[in-house]
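The values are calculated or read from the model by the stated rules, or taken from the named source; none is laboratory data. What you see is a predicted model; the values in this text were computed from it and never measured. Here the Cβ is made from the backbone with ideal geometry for all residues, glycine too, and neighbour counts use every protein chain on show. For the accessible areas, the whole protein counts, side chains as well, though only heavy atoms, and no ligand, DNA or RNA atoms are used. Shrake-Rupley method; radii C 1.70, N 1.55, O 1.52, S 1.80 Å.
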Amino acid sequence: MKNWTLQKKWTYSSAISIFLSFLIMSIILYFSIYNWMLISEKKTAQNTLNELVLFFESKGPIITIQDIKRNTTLLNQIVNQEQSVRLMNTDGIEVLRINDASNFPPFSKEFSTDFKRSIIDNQLSFHKVAEIQFGTFIGYVEISHSLDNFSRLMKYILSAMFIFAVISLVLSALIGYTLSSVLLKPLKELRNEMQHAKQSKFSKEVSFQYSKEDEIGELLVIYKQLMNEVSETIKRQDDFIYNISHELRTPVQVVEGHLSLLNRWGKNEKEVLADSLEISLNEIQKMKKLIEEMLKLARSENAKNEVATNIVDVLTTIKKEFVSLNPIVSIDISAVETAVVAVPHTALEQIFRNLIENAIKYNDKTPYIQITATKKQQSIAITLEDNGIGIPPEHLPKVFDRFYTVETSRTKSRGGSGLGLSIVRMLVAEYEGIVEIDSIEGKGTIFQLEFPFVSIFQ
Ligand code: ADP
């Protein structure tokens, strides 16, 4: 039983329960018919007996047995074909017999109010004795009522019921099997989908053919949503790993560069040593902050309402960094005083650093970047415009995809992993912001961002 499939259990249990209820119904029905028919047989026998007594008593005081023997036509009409009647004198000797359809047991003068049942020569019958007196005759009248027809009918009913029981057993097993296979079909589909999901490590999209809106349909919908969430989470984790490695690469390279510099020449040169150590420590601090921020992001445990960063602060710091590295770059910032958004400092820094890096990298002229931050009703809108090489329109919808790079002869040499903008999109989405891009090839690119206000500055 333990190893039985649900379908087998279902088939057997429905077959057994339908069969048992049919059996109980049949037994009740059989005994009701049996009793009802037995009573009606008794009534018929009693009626005949009553009519006979009445008949004999109505014949007047001078009638004799010989007179009756001479004319038995009327008597034969009273006694039906299943019955026999005999008249016995007081000595127990039979003086008259009408019809010979049913056997009599040995005569006994014991009377009973009810009919007695007996089997004589394999024949089941009812019989009853009554005292009788007419004309000069004193004696007994005994009736024997054969139950042959009744037994035959009951046997017929019993075998019909048995045949019906067998048919009902087969039918209920068939119905149970068909019903269970229909009802279990979506569950089998679910099992197969689960196996696929396991084998494909949750990377395949879940789809079901079953589309009814019943309990099983609801279950499948919930499973589909669950699986989508699982694969979304796995994808987010993958993204996180890619993103963090991309963001950590630059500081690691800087530290590596300075350490090898120290290794070669800086050991004895105090100035180089101090400079390199300071830069390396700075980079490590940045990495630490970045890792903390990324971890928070991955666990989605940022209390978003508690962070408040002024865009101008972030932009001023980044501007200084870029300009000191590349003095020909000019970055123009114009922002409202209260441009405070609910995004952590490091995340905002990462977003702008990636965008400004691109604006400089994909640029053949003297890079000029114009950044404005204006206040809208519920948010701060930021535009970042450059005078770079621009992006062909057919590439615009895809530039935010992970690893997507616009491969043209002009961008080939610039080298890029195609992750920068995907990180921007992920961070912007995480802090409930919006980012859009517009570009004209040869003229420049414009990024439009929007972040929600911090409530206290509203
Ligand atoms: P990468 O790390 O390779 O720079 P990104 O995701 O930052 O990748 O950018 C994707 C593609 O979008 C780049 O290959 C580049 O061609 C294009 N792109 C991004 N920003 C700019 C921009 N400011 N001007 C022109 N092209 C850009």
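For this structure, a couple of remarks:
- Taking the range 370-391 as the range and being touching a Gly at 6+ places or on another chain (Cβ under 9 Å) and within 9 Å of the ligand (Cβ to nearest atom) as the test, the residues that pass are Asp386, Gly388, Ile389, Gly390.
Quick grid of which residues meet (1) among the β-branched types (Val, Ile, Thr); (2) assigned by TED's automatic domain parsing to the domain that holds Ile163; (3) open to solvent by less than 80 Å² (accessible area, probe 1.4 Å); (4) under 30 Å from Ala173 (Cα atoms):
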| residue | (1), (2), (3), (4) |
| --- | --- |
| Ser14 | no, yes, yes, yes |
| Phe19 | no, yes, yes, yes |
| Phe22 | no, yes, yes, yes |
| Trp36 | no, yes, no, no |
| Pro61 | no, yes, no, no |
| Gln66 | no, yes, no, no |
| Thr73 | yes, yes, no, no |
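- Selection within the range 392-428 - modelled with pLDDT under 90, more than 9 Å from the ligand (Cβ to nearest atom) and in a helix (DSSP H, G or I): Lys412, Ser413, Met426, Leu427
- Test: residue in the range 433-441 that is in a loop (DSSP other than H, G, I, E, B) and at pLDDT 90 or above: yes
- The single condition among (1) surrounded by 16 or more Cβ atoms within 10 Å (Cβ to Cβ); (2) without any contact (Cβ under 8 Å) to a residue 40 or more places away in the chain; (3) among the hydrophobic types (A, V, I, L, M, F, W, C) that Phe104 does not satisfy is (2).
- Within the range 383-395, the set of residues being open to solvent by 30 Å² or more (accessible area, probe 1.4 Å) and under 50 Å from the mean Cα position of the chain (by Cα) comprises Thr383, Pro393, Glu394, His395.
- Qualifying residue in the range 325-342 (condition: under 21 Å from Leu427 (Cα atoms) and within 14 Å of the ligand (Cβ to nearest atom)): no
- Wholly within the range 115-202, strands (runs of 3 or more DSSP E) carrying at least 2 residues that are open to solvent by 30 Å² or more (accessible area, probe 1.4 Å) and closer than 21 Å to Phe31 by Cα: 116-120
- Test result for Ala347, surrounded by fewer than 23 Cβ atoms within 10 Å (Cβ to Cβ) and within 56 Å of the chain's Cα centre (by Cα): no
So that you can scan it fast, the table gives a plain yes or no per residue for (1) within 16 Å of the ligand (Cβ to nearest atom); (2) assigned to a helix (DSSP H, G or I); (3) over 17 Å from the mean Cα position of the chain (by Cα):
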{"position": "Ser207", "(1), (2), (3)": "no, no, no"}
{"position": "Lys212", "(1), (2), (3)": "no, no, no"}
{"position": "Asn243", "(1), (2), (3)": "yes, yes, yes"}
{"position": "His246", "(1), (2), (3)": "yes, yes, yes"}
{"position": "Thr250", "(1), (2), (3)": "yes, yes, yes"}
{"position": "Val255", "(1), (2), (3)": "no, yes, yes"}
